[in-house]
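Since the structure comes first, as structure tokens, the remarks are kept for the end.
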Amino acid sequence: MKAIEKLEERLGKIVRESSILTEILNNVQNPKQLEKVVGRIEGILTTGEKIEYLAVQKKPLINISPDSLVLTNKRIIIFRPANMGLTLNFSDILWKDVKDCHIKEGFLGTDFFIKGINKERGVIPNLPKDQARKLYRIAQEREEEMIEVRRQRSMEESRAGAANVVVSGGDNDSKPSGNDDPMQKLKQLKELLENDLISQEEFDNKKKEILNSL
């Protein structure tokens, strides 16, 4: 009992909220294996980083030196023991670099796949089904957040690019330079309008300015 209480105290410092702590402890995961994962992760969490959920691999026959998967509010962390647990390798991927996470349920366990934006990052096999489903749900929520972040960033970049299309109408702008092709500017304006990055009124005003500068 004291070991469980000690583990709960240590986990309580690095999980996002108490409900997650309760869920981790109650989801039939081996306390000794959880303690090892906690010991591994305590030293690598960055400022403000909290655990969203974690799961330990359950191999079909002998569950010696299992892999573990940790989702935090900033990244995915994979721990892979080697040499019968004598050494430990870990890798991570920031949520902003994650393209997709999905699971494949089998008879003996569930495989968790992680795909990065630029390349495949790996798979953690033989996770318990309930834990894998929880990991998947959290991953989907994070993916949706990152899609919105990337969308907002793309819009900001497009708006920044649109600044180069603006024609002030002053004396220095009355004639287009070799790099200021009016047709290209009009094409860019139309693309911005079609992607709802500028209003129809903005489009009409800028179009008028470009045509007046000819």
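The values are calculated or read from the model by the stated rules, or taken from the named source; none is laboratory data. Quick caveat, the model's predicted, so the values are computed rather than measured. Cβ coordinates were reconstructed from backbone atoms using ideal geometry, including for glycine residues, and neighbour counts include every protein chain displayed.
Can you spot a residue in region 24-46 that is within 21 Å of the chain's Cα centre (by Cα) and of a type in the set (K, R)? Within region 24-46, not a single residue is within 21 Å of the chain's Cα centre (by Cα) and of a type in the set (K, R). Yes or no: G109 surrounded by 12 or more Cβ atoms within 10 Å (Cβ to Cβ), more than 30 Å from N26 (Cα to Cα) and at pLDDT 80 or above? Spelling it out, it is not the case that G109 is surrounded by 12 or more Cβ atoms within 10 Å (Cβ to Cβ), more than 30 Å from N26 (Cα to Cα) and at pLDDT 80 or above. Considering E35, E9, the condition of being loosely packed, with under 13 Cβ neighbours inside 10 Å, in a helix (DSSP H, G or I) and at pLDDT 80 or above is satisfied by E9 alone. All conditions in (1) at pLDDT below 85; (2) part of a strand (DSSP E or B); (3) out of contact with any Phe, Trp or Tyr (no Cβ under 9 Å at 6 or more places or on another chain); (4) not polar (S, T, N, Q) hold for L61, with the sole exception of (2). If only residues of region 111-129 that are of a type outside the set (S, T, N, Q), without any contact (Cβ under 8 Å) to a residue 24 or more places away in the chain and in contact with an Asp or Glu (Cβ under 9 Å, 6 or more places away or on another chain) are counted, the one that is farthest from R150 (Cα to Cα) is D111. For region 87-101, the criterion of a residue being at pLDDT below 90, in contact with a Ser or Thr (Cβ under 6 Å, 6 or more places away or on another chain), part of a strand (DSSP E or B) and over 26 Å from N118 (Cβ atoms) is satisfied by no position.
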